[in-house]
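The values are calculated or read from the model by the stated rules, or taken from the named source; none is laboratory data. Here the structure is a predicted model, which means the values were calculated and not measured. With ideal geometry, Cβ positions are generated from the backbone for all residues, glycine too; neighbour counts draw on all protein chains shown. Heads up: the accessible areas ignore ligands, DNA and RNA and are worked out on the full protein's heavy atoms, side chains in. Shrake-Rupley method; radii C 1.70, N 1.55, O 1.52, S 1.80 Å.
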Amino acid sequence: MRLCSIASGSSGNCIYVGSEAAHLLVDVGISGRKTEGGLKELGLTGKDIDGILITHEHADHIQGLGVMARKYEIPIYATGGTIRAIKECRGLGSIDGDLFHEVKEDVKFTLKDLTVNPMRISHDAAQPVAYRIAYGSRKVAVCTDLGTYNDYTVECLKGMDALLLEANHDVNMLQVGPYPYYLKQRILGERGHLSNENTGRLLCRLLHDKLKAVLLGHLSKENNLPELAFESVRMEINMSGTPYKAADFDIRVARRSELTPVVEIA
């Protein structure tokens, strides 16, 4: 099983998860050309993709959806609310309605040898979800765009072999930065985005002996720095009451516009 971030950040998100038999994308928030370029680096083409899992309808998650869906007739999986919102996004162009497949939170479905399990998240979109994907006993999760987390979130993400978690902003950078007040409040709110510190605190509740890799994703271009996200999350782990230290785990920052090294889960 493989996990790779093709692009992750406030300007565009596209994550690959696959096995030998099945190949999935979680979101296509970059151009079709960039998506195809990322797949080529993985030794794949759009023809190989068995499904696109959409978390929600914001542009940084669906920008290239219309192009990829039309060119390769790839099935699209999303909640009912997200599907309706996507259909109202005129900038995507027309997408064949037969390509859409509605999913529901905590209801598993299978794509070849991969099992997909959507989970609820708190974000200001129509009906957003994160995705857990399993290949036999191996499990990964892609969870971004959540303003807060709770016991449900923790239970959903426990026991993963690899995680891509949002570390969107540094609170101080956001507060003193150029964003207007209403946007700062939106980001800091419970339907906004996770700060570096809150990501670290969530991660502390998810650490276990077999966790192979953590990718920190969806970093804000204006309100975060890769080094800051990395060190802030590590500090939260090292200062927590868990028996673990940050150095016990492979923690990386997903890059904004290029592939991260592929996480292989044997």
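Each row is one residue, and each column tells you yes or no for (1) out of contact with any Gly (no Cβ under 7 Å at 6 or more places or on another chain); (2) within 14 Å of Val142 (Cα to Cα); (3) surrounded by fewer than 24 Cβ atoms within 10 Å (Cβ to Cβ); (4) in contact (Cβ under 8 Å) with a residue 60 or more places away in the chain.
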| residue | (1), (2), (3), (4) |
| --- | --- |
| Ser5 | no, yes, no, yes |
| Cys14 | no, yes, no, no |
| Val26 | yes, yes, no, yes |
| Ser31 | no, no, yes, no |
| Glu36 | no, no, yes, no |
message: Suppose we filter Asn223, Asn198 for residues that are touching a residue at least 24 places away in the same chain (Cβ under 8 Å), buried (at least 16 other Cβ atoms within 10 Å of the Cβ) and touching an Asp or Glu at 6+ places or on another chain (Cβ under 7 Å); which single one remains?
response: Asn223
query: For segment 171-194, does any single residue satisfy the condition of being open to solvent by less than 10 Å² (accessible area, probe 1.4 Å), at pLDDT 95 or above, part of a strand (DSSP E or B) and closer than 24 Å to Ala7 by Cβ?
result: no
message: For segment 197-244: of the residues being part of a helix (DSSP H, G or I) and of a type in the set (Ser, Thr, Tyr), which is nearest to Gly177 (Cα to Cα)?
response: Ser232
task: Report whether or not Ala125 is out of contact with any Leu (no Cβ under 9 Å at 6 or more places or on another chain), among the hydrophobic types (A, V, I, L, M, F, W, C) and either crowded, with 21+ Cβ neighbours inside 10 Å or touching a residue at least 24 places away in the same chain (Cβ under 8 Å) (or both).
output: yes
